[in-house]
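The values are calculated or read from the model by the stated rules, or taken from the named source; none is laboratory data. Since the model is a prediction, treat every value here as computed from it, not as a measurement. FYI the Cβ positions are ideal-geometry reconstructions off the backbone, even for glycines, and counts take in every protein chain you see. In case anyone asks, the SASA skips ligands and DNA or RNA and just uses the protein heavy atoms, side chains included. Shrake-Rupley method; radii C 1.70, N 1.55, O 1.52, S 1.80 Å.
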Amino acid sequence: MVEILLASYNSEKYIGEQIESILSQTSEEWRLTVQDDRSSDRTAEIVESYCAVYPEKISFRVNERNLGGSKYNFYDLLLRAEADYVMACDHDDVWLPDKVERTLAAMRDLETVYGKERPLLVHTDLKVTDRDLQVTAGSMFFQQGLDPSRKRLAELLVQNNVTGCTMMVNRALLSLLSPVIPPNLIMHDWWCGLIAAAFGGIGFVAEPTILYRQHGDNQVGAKNARSLGYNAKRAAKFQDARKVLAETYLQAGDFAAQFRDRLTTAQLELTQAYAEMGEKGKLGRIHTLKRYGLWKNTFARRLGQLLYG
């Protein structure tokens with residue numbers, strides 16, 4: 001059985017359409033848990049109406065207090081999940097009909113390689129759309145210049161390519177989540193990717209399985225990394241770029257601290273070296289990047305590491 005986790009907050013515009021797309025899945029091996037972060041709109045009313053019709057498939061709860069953002073709501077959902085396989089689901093997307101079936105098949109293929117006892121993660125490509133679900137990019141991975149084959153720990157420490165709204169993780173991965181959220185967690189999907197990279201395996205479905213709706217209020221969103229305009233804006237905002245890199249160093253420090261006794265000697269050395277990047281001078285940072293292969297995947301991104309790291 002697959003447990004689908006949907007973190008909602010003021011989701012009345014789109015959540016009904018998302019739930020309908022889940023109800024239309026070709027696989028019936030799922031149940032949906034919606035956890036609301038104390039919305040002030042009609043989200044609860046809409047979800048409860050679906051619970052009344054599909055009580056065996058959909059459950060709903062409201063947090064006692066607002067957790068302060070989707071990454072906290074999702075992390076809490078992951079901690080509470082009970083199924084062997086768990087998928088994360090954004091409230092404003094639309095799933096293609098075979099998403100559960102295709103992702104679960106990829107997970108079972110991954111299990112034949114690593115076994116069920118290892119932490120495993122599967123994610124997929126996405127079709128990017130506007131607010132009206134008109135496709136603007138047939139592949140988010142192509143649009144953003146991402147490479148799903150980059151799944152070593154060194155590569156995941158510096159750059160996340162796991163999109164949480166397409167992610168499935170297994171019970172072995174969930175068992176490694178700390179009950180206390182890491183203080184410098186950037187996103188829940190990135191943290192799950194680090195765990196899978198360090199201790200298990202990551203699988204990728206090259207075909208898009210969702211319509212990834214962009215409506216202006218997205219928590220993260222899809223940017224066209226191949227656009228000259230986008231890269232020019234990124235270069236102009238050097239303080240933002242420096243802050244983003246610094247956040248990755250802090251997250252790496254949390255990862256090293258939490259898994260110090262589980263990481264291999266080489267993994268711990270790598271993770272600590274990256275966590276200490278902010279304490280080094282320019283030459284020291286360049287030396288660390290070269291020694292451990294801590295590079296992002298495009299020339300522009302690597303140049304940013306050298307300029308702003």
Legend entry - Filtered residues of the range 38-84 (kept if more than 16 Å from CYS165 (Cβ to Cβ), open to solvent by less than 40 Å² (accessible area, probe 1.4 Å), within 26 Å of the chain's Cα centre (by Cα) and of a type in the set (Ser, Thr, Tyr)): SER39, THR43
Legend entry - Contacts under 7 angstrom Cβ, first residue in the range 1-26 being under 21 Å from ALA52 (Cβ atoms) and open to solvent by 20 Å² or more (accessible area, probe 1.4 Å), partner modelled with pLDDT of 95 or more and outside any loop (DSSP other than H, G, I, E, B), 6 or more apart: GLU12/THR43; GLU12/ILE46; TYR14/ARG213; GLU17/VAL94
Inset, instruction - Could you tell me whether GLU155 is among the charged types (D, E, K, R) and open to solvent by 30 Å² or more (accessible area, probe 1.4 Å)? - result: no
Legend entry - Sole residue being open to solvent by less than 10 Å² (accessible area, probe 1.4 Å), within 17 Å of ILE210 (Cβ to Cβ) and not in a helix (DSSP H, G or I), chosen from LEU121, LEU146: LEU121
Inset, instruction - Mind listing just one residue for me: the one in the range 27-37 that is within 22 Å of the chain's Cα centre (by Cα) and not acidic (Asp, Glu) and, of those, surrounded by the most Cβ atoms within 10 Å (Cβ to Cβ)? - result: VAL34
Inset, instruction - Considering each of LEU156, LEU110 in turn, give the residue that is without any contact (Cβ under 8 Å) to a residue 60 or more places away in the chain, part of a helix (DSSP H, G or I), closer than 26 Å to PRO182 by Cβ and in contact with a Gly (Cβ under 9 Å, 6 or more places away or on another chain). - result: LEU156
Legend entry - Complete set of residues in the range 165-181 that are open to solvent by less than 10 Å² (accessible area, probe 1.4 Å) and either within 14 Å of PHE259 (Cα to Cα) or out of contact with any His (no Cβ under 6 Å at 6 or more places or on another chain) (or both): CYS165, MET168, VAL169, ASN170, LEU173
Legend entry - LEU263, sole failed condition from (1) part of a helix (DSSP H, G or I); (2) of a type outside the set (Gly, Ala, Ser); (3) closer than 22 Å to SER175 by Cα: (1)
